[in-house]
Amino acid sequence: MPVSACDFIAQTTVTQPDLTTETLVVFGVVVLALVLFLTERLPIDVTAILLIVILVVLEPWTGVDPATGISGFANEATITVLAMLILSGGISRTGLVQELGRRMAAFAGGSLRRQLFATVAATGPVSGFLNNTPVVALLVPVVTDVANRGNTSPSKLLIPLSYASQIGGMLTLIGTSTNILASDVSARLGSQYPELHRFSMFEFTKLGVIVVLVGSLYLIFVGHYLLP
């Protein structure tokens, strides 16, 4: 017997779940997290720890027990990211970054194209072997100094610096925290889905090289026209 459109809609209508207290509590924690991260009333690390404490204290509504709340600190991905930050801090103390800055300034001079090339060439490959977040933190003062010496607006170089670090992070597994976390999730799901496994160090390097080359050319020859 044919089913009318009204009957079909009535049969396929999904009943919306009730708005529970647990939902409101979790939503409130999410809003609080956004406000604290955006306003930076507290240091970012203090805010992150505070949110974990709030979730654990509100366990009856959030379902996050103390063991679950601190489980991330024992995660391999978390330890790896921490190790990369320590490595980056050690490199900055060797004076290598300062020497790189001097060489970049000497090469770039007052040419915007050379400044962009030096910024992208120094950032992209390095971000593949050091976590890209500390790479940006290390190179921001260097790139700003290069811009000031060449009488260039810093935004012309700082924004390409950010994008170059992101595409450079796609070269290896340890290039970005996202890669490490995705590898960890893939390994944990491997028991359910045999096709999933932990990523190797250079598993997607071939694709990453293509992305870095294309992205670098865009940043050097096209992207700066779109920047203020």
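Only the coordinates and a few stated rules stand behind these numbers; no lab work does. Keep in mind it's a predicted model, so treat the numbers as computed, not measured. Cβ coordinates were reconstructed from backbone atoms using ideal geometry, including for glycine residues, and neighbour counts include every protein chain displayed.
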Nearest 10, in degrees from 0 to 90: the angle of helix 155-168 to the longest Cα principal axis of the chain is 60
Run the simple label-point estimate for I159 and Y218 please: 7 Å along Cα→C-beta, distance reported in nm.
1.4
Note on segment 101-228: the mean projected area of its alpha-carbon convex hull, in nm², is 8.0
Reviewing [x] 45, 40, 38; [y] 76, 51, 40; [z] 68, 51, 51, the figure for Cα extents along the principal axes in Å actually calculated from this model sits under [y]
So, in nm, how far is label L100 from label N75 when the simple model puts each one 7 Å beyond its Cα toward the Cβ?
2.7
Residue-wise, which Karplus ³J(HN,Hα) couplings in Hz belong to segment 198-206, taking 6.51 cos²θ - 1.76 cosθ + 1.60, θ = phi - 60°, and x for glycine or proline?
6, 5, 8, 4, 10, 4, 10, 5, 4
Rounding to the nearest 20 debye, state how big the charge dipole of segment 93-185 is about its Cα centre with +1 on each Lys and Arg Cβ and -1 on each Asp and Glu Cβ.
380
Placing +1 on each Lys and Arg Cβ and -1 on each Asp and Glu Cβ in the chain, then taking the dipole about the Cα centre, the residue among V30, G169, Y193 whose Cα reaches farthest towards the positive end is G169
Using a Förster distance of 35 angstrom, determine the FRET efficiency expected from the C-beta separation of L24 and H197, and round it to 0.05.
0.30
Under Karplus coefficients 6.51, -1.76 and 1.60, residue-wise ³J(HN,Hα) of segment 130-137 in Hz, glycine/proline x
10, 3, 5, 5, x, 4, 4, 4
GNM on the chain, C-alpha springs below 10 Å: top fluctuator among L58, L173, L87?
L58
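Classify segment 39-109: rounded, prolate or oblate, from the alpha-carbon gyration tensor (a ≥ b ≥ c, eigenvalue square roots; a/c under 1.5 rounded; otherwise prolate if a/b is larger than b/c)?
Prolate, because a/c is 1.5 or more and a/b exceeds b/c.
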Based on alpha-carbon centroids, what's the gap between segment 29-103 and segment 147-181 in Å, whole number please?
20
When only C-alpha pairs under 8 Å and at least 6 residues apart count, what is the relative contact order of segment 25-160, in percent?
19
Do you know the relative contact order of the chain, to the nearest whole percent, from alpha carbon pairs under 8 angstrom that are 6+ apart?
16
Relative contact order as a percentage, segment 168-215, C-alpha pairs under 8 Å and 6+ apart, gives 47
